[in-house]
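Student: Starting off with a structure, shown below.
The values are calculated or read from the model by the stated rules, or taken from the named source; none is laboratory data. Here the structure is a predicted model, which means the values were calculated and not measured. Cβ coordinates were reconstructed from backbone atoms using ideal geometry, including for glycine residues, and neighbour counts include every protein chain displayed.
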Amino acid sequence: MAPKRRGIDREEKLENLVKNQSMIMMGMFEEGLSDVAEMLTSAMTAGASAIAEALGGQEAREQVKKEIAPVPPRIRTEIEAAFSDIREEIGSQWPKNPKVFTRYVSSPAFDKGIEIVESYDFKRPRLTEDLNDTMLASYVFLMKSGDKQLIKMFEELGEWQKGLPQPPWTT
């Protein structure tokens, strides 16, 4: 019998949410990610769409565009480099004592953020999970493409955050 995988607890979900949301927002303005998005989009869409259209017509082509294709190693390296600086910046601002974060998120008001994120499905891991750079980049690219659902979720998260206290480590 396989061992049960430990679920992510509330505090981990909130830490992941705060960090992932910050990284995605910062990634929106990261020039390196814009360059990667353009390279990835043109390389993958052109090749995959041509094959899909040849095999299955326009309908297959549209389906290919919706799928998350594997990221080539060179582009993965560039994504990691772009997020490296963002991770470092967020890490430098994060409280050094984990109990500070635990006290900060102790209010039930924080549960609303988890509810918002878990009410959406973007066919990728949620922001309440520990996301790798490729997944974070996929959210940045989805946001940059103008995905209405993702924009709506971020607007809801923004409204939720307005009612939260300022983190004690930022004052």
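Student: Are any residues in segment 139-162 closer than 27 Å to Pro73 by Cβ and free of Cβ contacts under 8 Å to residues at least 60 places away in the same chain, and if so, which ones?
Tutor: Once the filter is applied, which keeps residues that are closer than 27 Å to Pro73 by Cβ and free of Cβ contacts under 8 Å to residues at least 60 places away in the same chain, segment 139-162 yields Leu142, Ser145, Asp147, Leu150.
Student: Now a separate question. Only one residue in Phe141, Phe110, Phe101 is closer than 18 Å to Met23 by Cβ, crowded, with 17+ Cβ neighbours inside 10 Å and more than 18 Å from the chain's Cα centre (by Cα). Which one?
Tutor: Phe101
Student: Which one of Ile68, Ile8 is over 20 Å from Ile151 (Cα atoms), at pLDDT below 90, among the hydrophobic types (A, V, I, L, M, F, W, C) and not in a helix (DSSP H, G or I)?
Tutor: Ile8
Student: Does segment 104-138 hold any residues that are in contact (Cβ under 8 Å) with a residue 12 or more places away in the chain, under 30 Å from Ile75 (Cα atoms) and touching a Leu at 6+ places or on another chain (Cβ under 7 Å), and which are they?
Tutor: Val117, Phe122, Leu127, Thr128, Ala137
Student: Scanning for something surrounded by 18 or more Cβ atoms within 10 Å (Cβ to Cβ) and modelled with pLDDT of 85 or more, does segment 71-90 turn up at least one residue?
Tutor: Yes, segment 71-90 has at least one match.
Student: Any chance you could count how many residues in segment 120-171 are among the hydroxyl-bearing types (Ser, Thr, Tyr) and under 19 Å from Val105 (Cβ atoms)?
Tutor: Looking only at that region, the number is 3.
Student: Taking only pairs six or more apart or across chains, which ones have beta-carbon atoms under 6 Å, a first residue in segment 82-103 that is more than 17 Å from Thr170 (Cβ to Cβ), and a second residue that is of a type in the set (D, E, K, R)?
Tutor: Short answer, once both residue conditions are applied: Ala82/Glu30; Phe83/Asp133.
Student: Here's something else I'd like to know. Identify all residues within segment 126-166 that are modelled with pLDDT of 90 or more, part of a helix (DSSP H, G or I) and among the acidic types (Asp, Glu); write none if there are none.
Tutor: Correct list: Glu155, Glu156, Glu159.
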